[in-house]
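These notes are about the structure you will find just below.
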Amino acid sequence: MFQIGTLLGLLVATYGIYRWYQFEQIIETEGTVSLQSEHEAFHLHVDLPAHITIQPGDTVHILQVPDLDMGRTNGEEVVYKSPVRVHKASALQRYLIKNSSLVEVSELVDHP
């Protein structure tokens, strides 16, 4: 009976950690998008309201794209307002991303 209880507790704990990792907060707002495409480079910048901070693991989805000729700006900068959806990562996801990034950076620095 003790083994079944232990196994059940382990399953519940694993499921709880999984749900914590998957949890995200979604914020919908409006942002200013700066877009510039050149022959060799593509630049994109999104200005969000001051109360929204982007941290490791967060993603920003731009929900509206301007109608461009062949999808190009021909080197000119296009600035427009667009609805934006920000997916905020969970605390566990943010922690794991920060620590794995530190490992990757140290591997790059230590590599001969």
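Brief remarks follow.
- Count of residues meeting criterion [within 30 Å of Lys98 (Cβ to Cβ) and in contact with a His (Cβ under 9 Å, 6 or more places away or on another chain)] in region 30-56: 4
- Arg94 being over 17 Å from Thr29 (Cβ atoms), modelled with pLDDT under 75 and surrounded by 11 or more Cβ atoms within 10 Å (Cβ to Cβ): no
- Test: Gln36 is more than 18 Å from the chain's Cα centre (by Cα) and part of a strand (DSSP E or B): yes
Residues are listed down the side, and each one gets a yes or a no for (1) surrounded by 11 or more Cβ atoms within 10 Å (Cβ to Cβ); (2) farther than 21 Å from Pro83 by Cβ; (3) out of contact with any helix residue (DSSP H, G or I) (no Cβ under 7 Å at 6 or more places or on another chain):
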residue	(1), (2), (3)
Ile4	no, yes, yes
Trp20	yes, yes, no
Glu28	no, no, yes
Glu38	yes, yes, yes
Ala41	no, yes, yes
Leu48	yes, no, yes
His51	no, no, yes
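- Candidate set: region 37-80, residues that are among the charged types (D, E, K, R) and modelled with pLDDT under 85; chosen: the one farthest from Leu92 (Cα to Cα): Asp69
- Of the residues making up region 54-71, none is at positive phi, assigned to a loop (DSSP other than H, G, I, E, B), surrounded by fewer than 11 Cβ atoms within 10 Å (Cβ to Cβ) and over 15 Å from the mean Cα position of the chain (by Cα).
The values are calculated or read from the model by the stated rules, or taken from the named source; none is laboratory data. All values reported here derive from a predicted model rather than from experimental measurement. For neighbour counting, all protein chains shown are included, and Cβ atoms are generated from backbone atoms with ideal geometry for every residue, glycine included.
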